[in-house]
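Asker: Got a structure here, written out as structure tokens. Questions coming.
Values quoted throughout were computed directly from the atomic coordinates according to the rules given, and no laboratory measurement underlies them. What you see is a predicted model; the values in this text were computed from it and never measured. Cβ sites come from the backbone with ideal geometry, for glycine too, and all protein chains shown count toward neighbours.
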Amino acid sequence: MDLFEEVERIIDQGEICDSCMGQVFAERGHGLTNRERGTAWKTILAMENNNIIERKVDCWVCLGESYRFEEWADLAVMELGEIEFKTYKIGTRMSPLLDENAKLLRELVGVPIDSGESLKTEMNREVGKIVGDRMKKYFDADGPDIIILLNVPTRSVEIQVNPIFIYGRYKKLIRGIPQTKWPCRECKGRGTSIHGVCERCEGSGKQYEESVQELIDSVAIIQMEGESSTFHGAGREDIDAKMLGTGRPFVVEIKTPKKRSIDLQVLEENMNKNAFGKVEVELEGVVNRKMVAHIKELPASKTYEARIKFDRSVEKDMLKGALEMLDGAEIKQETPTRVVHRRADKTRIRKVYSARGELTSDLTANLEIHGEKGLYIKELVSGDSGRTNPNLTDLIGVEAVVETLDVISVVAEEGRFDVPEYILRRKDKEGLEE
Ligand SMILES: [Zn+2]
Ligand SMILES: [Zn+2]
């Protein structure tokens with residue numbers, strides 16, 4: 001079928017707007033809008049047949065939707081209100097009726113039903129262009145700050161504000177607080193029981209009054225006017241362990257933030273003020289979502305400081321000899337008795353990279369142990385009734401237990417935690433380059 005024939009058959013189906021006509025030929029002629037394509041055909045036909053072009057038409061295909069792009073853009077700009085963003089993506093929920101009409105047109109004309117372009121694609125592009133130009137924002141298909149959804153059936157615009165991810169390191173200076181919020185064991189986080197307010201948590205719904213997460217993210221939520229947050233740590237320390245030294249990498253995800261162009265230096269200072277004496281943070285920058293998986297998956301070795309206690313008095317040389325045996329050793333560990341009720345019982349092999357230490361009295365010692373990710377230190381010392389081998393207790397011949405255990409460094413074993421392509425903005429840099 002030649003093009004003229006196709007065009008005439010389109011005209012024969014009823015009144016159609018220039019855009020809907022041009023859409024069928026969207027693959028032809030670069031640098032033209034669909035409307036221009038349609039107008040061109042109508043001009044040619046009017047000249048050939050010497051009749052008058054009907055400027056105002058009641059289009060049976062789009063029912064006038066192709067001429068409402070400006071209106072949609074107005075609606076989007078209004079909905080966006082005070083939301084701060086730099087990049088956006090736009091999507092359209094098309095009405096089933098208009099989809100049907102476009103399909104029907106193509107069937108009647110005798111071209112494949114997916115020929116040319118759909119109104120949906122055209123709307124995304126054209127409305128997107130208007131919004132972008134008007135608000136001076138940038139289209140970003142992969143990681144936009146916001147997504148604008150044009151809902152044709154309801155004639156409304158919905159805005160989805162994507163989370164912002166902030167990457168940093170934290171130190172936990174005190175014992176007794178968990179890394180993340182724990183729901184109350186008694187009321188399962190509801191804060192109430194059948195008797196009214198839950199007695200265990202006094203209505204807070206939390207097992208512990210504070211957590212590293214809350215100390216850090218409450219400040220970020222306020223400053224960025226977010227709705228909630230999720231805390232992603234590169235592993236976690238025990239509740240009764242401090243996290244010292246160089247700190248532990250984390251990403252805090254702030255959901256639905258109204259403010260994005262926050263000053264990270266100020267945010268960091270406010271976090272440290274809020275968590276003073278308990279938690280200390282150092283923020284690195286704003287990152288993309290990929291950083292979350294990266295810090296969670298990257299194997300990280302840890303160095304611990306353990307204060308241990310012996311059952312009987314120990315000589316300097318006994319400890320020294322035992323630590324020399326552990327230094328560089330491969331340890332066979334069955335799942336510790338203390339966690340076996342909630343974790344699979346299996347045997348793992350973990351390396352002790354280094355083991356050092358000295359007696360602080362004839363019954364106590366301080367150890368510094370650097371171990372592979374997943375090495376259980378308490379069991380390495382006690383032996384866990386023979387479930388960990390070799391172990392300090394057996395090597396010395398005197399029962400030893402860990403009294404306090406602190407993490408003094410977390411180091412990525414392969415590659416670094418800082419992945420340049422995941423970092424969108426550094427703390428010390430102002431905004432994205434435009
Ligand atoms: Zn139309
Ligand atoms: Zn409770």
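Asker: Once the principal axes of the Cα atoms of the chain are found, what is the range along each, listed largest first in whole angstroms?
Answerer: 112, 49, 47
Asker: Where the Cα atoms of the stretch 3-161 are projected onto their three principal axes, how long is each span, largest first, in whole Å?
Answerer: Reported extents, whole Å, longest axis first: 54, 27, 27.
Asker: Which of the aspartates and glutamates could a cross-linker span from Lys278 if the Cα-Cα distance has to be under 12 Å and same-chain partners fewer than 8 positions apart are dropped?
Answerer: Glu210, Glu214
Asker: Got a sec to turn the phi values of the stretch 88-104 into Karplus ³J(HN,Hα) couplings, 6.51 cos²θ - 1.76 cosθ + 1.60 with θ = phi - 60°, whole Hz, x for Gly and Pro?
Answerer: In residue order, the calculated couplings are 8, 9, 10, x, 10, 9, 7, 7, x, 4, 5, 4, 4, 4, 5, 5, 4 Hz.
Asker: Pull up all non-local amide H partners of Gly203: gap of 5 or more, or a different chain, and H-to-H distance under 5 Å with H placed in the peptide plane.
Answerer: When sequence neighbours closer than 5 places are left aside, the close amide H contacts are Cys198.
Asker: What list do you get for Leu63, Leu392 if you sort them by fewest beta carbons within 10 Å? All intermediate terms of the calculation are to be shown ahead of the outcome.
Answerer: Numbers: Leu63 15, Leu392 31.
Ascending number of Cβ neighbours within 10 Å: Leu63, Leu392.
Asker: Can you tell me the FRET efficiency between Ala40 and Val419 if r is taken as the Cβ-Cβ distance and R0 is 60 Å, rounded to the nearest 0.05?
Answerer: Details: r = 50 Å, r/R0 = 0.83.
FRET efficiency, Ala40 to Val419: 0.75.
Asker: Also, quick follow-up: Which of the peptides 337-345, 139-147, 397-405, 42-50 is most tightly packed, and how do the rest follow, going by the mean number of other Cβ atoms within 10 Å of each residue? It would help to have the intermediate numbers written out before the result.
Answerer: Details: 337-345: 10.1, 139-147: 14.4, 397-405: 16.9, 42-50: 11.9.
Output ranking for 337-345, 139-147, 397-405, 42-50: 397-405, 139-147, 42-50, 337-345.
Asker: How high is the FRET efficiency from Ala344 to Asp58, r the C-beta distance, R0 51 Å, rounded to 0.05?
Answerer: Working: r = 68 Å, r/R0 = 1.33.
FRET efficiency, Ala344 to Asp58: 0.15.
Asker: Report ³J(HN,Hα) in whole Hz for each residue of the stretch 287-299, in order, from the Karplus equation J = 6.51 cos²θ - 1.76 cosθ + 1.60 where θ = phi - 60°; Gly and Pro get x.
Answerer: With coefficients 6.51, -1.76 and 1.60, one gets 10, 8, 4, 4, 5, 4, 4, 4, 6, 7, 8, 5, x Hz.
Asker: May I ask you to list the residues of the stretch 126-168 whose amide nitrogen lies under 20 Å from a point 7 Å from Cα along the Cα→beta-carbon direction of Thr246?
Answerer: Within reach of a label on Thr246: 167-168.
Asker: Order 175-184, 18-27 from most to least packed using the mean count of other Cβ atoms within 10 Å. Can you show the working numbers first?
Answerer: Values: 175-184: 17.1, 18-27: 23.0.
Highest-to-lowest ranking by the protection proxy: 18-27, 175-184.
Asker: Check which residues have an amide H placed less than 5 Å from Gly285's amide H, if you skip close sequence neighbours.
Answerer: Residues meeting the amide H criterion: Tyr167, Lys427.
Asker: Which links in Lys181/Lys302; Lys86/Lys206; Lys316/Lys346; Lys89/Lys255; Lys258/Lys373 stretch past 27 Å when you go from one Cα to the other? Walk me through the numbers on the way to the answer.
Answerer: Details: Lys181/Lys302 23 Å; Lys86/Lys206 37 Å; Lys316/Lys346 35 Å; Lys89/Lys255 18 Å; Lys258/Lys373 38 Å.
Table pairs above 27 Å Cα-Cα are Lys86/Lys206; Lys316/Lys346; Lys258/Lys373.
Asker: Let me ask something else about it. For a test of the definition: using alpha carbon positions, the gyration tensor, and the 1.5 limit on a/c, classify the stretch 152-200 as rounded, prolate or oblate.
Answerer: Details: a/c = 6.28, a/b = 1.34, b/c = 4.68.
Since a/c reaches 1.5 but b/c is at least a/b, the shape of the stretch 152-200 is classed as oblate.
Asker: Given contacts defined as C-alpha pairs under 8 Å and at least six residues apart, what's the relative contact order of the chain, whole-number percent?
Answerer: Relative contact order here is 13 percent.
Asker: What is the antiparallel percent of DSSP beta bridges lying wholly in the stretch 3-161, to the nearest 5? Walk me through the numbers before you get to the answer.
Answerer: Working: 6 of 14 bridges.
About 45 percent, rounded to the nearest 5.
Asker: Once phi is turned into ³J(HN,Hα) by the Karplus curve 6.51 cos²θ - 1.76 cosθ + 1.60 with θ = phi - 60°, what whole-Hz value does each residue of the stretch 38-49 show in order, with x for glycine and proline?
Answerer: With the stated coefficients, the stretch 38-49 comes to x, 4, 4, 4, 5, 5, 4, 5, 4, 6, 5, 8 Hz.
Asker: Let me check against my output: what whole-number percent is the relative contact order of the stretch 300-410, with C-alpha pairs under 8 Å and at least 6 apart? Display every interim value, and only then the final one.
Answerer: Numbers: 243 pairs, mean separation 46.3, N = 111.
The value is 42 percent.
Asker: What three numbers, in Å, describe the spread of the alpha carbons of the stretch 300-410 along their principal axes, ordered from the longest?
Answerer: Result for the stretch 300-410: principal-axis Cα extents of 38, 27, 22 Å.
Asker: Please work out the FRET efficiency for the pair Asn366 and Ile83, using the Cβ-Cβ distance as r and a Förster radius of 56 Å; give the result to the nearest 0.05. Intermediate results must be reported in sequence, preceding the final value.
Answerer: Working: r = 53 Å, r/R0 = 0.94.
Working from the Cβ atoms, E equals 0.60.
Asker: Give the long-range amide H neighbours of Gly226: residues separated by 5 or more places, or on another chain, with amide H under 5 Å away, using H modelled in the peptide plane at 1.01 Å from N.
Answerer: Lys258
Asker: Give the shape of the stretch 157-244 as rounded, prolate or oblate, defined through the alpha-carbon gyration tensor: a ≥ b ≥ c are the square roots of its eigenvalues, a/c under 1.5 means rounded, and otherwise the shape is prolate if a/b is larger than b/c and oblate if not.
Answerer: Numbers: a/c = 2.59, a/b = 1.14, b/c = 2.26.
Oblate, since a/c reaches 1.5 and b/c is not below a/b.
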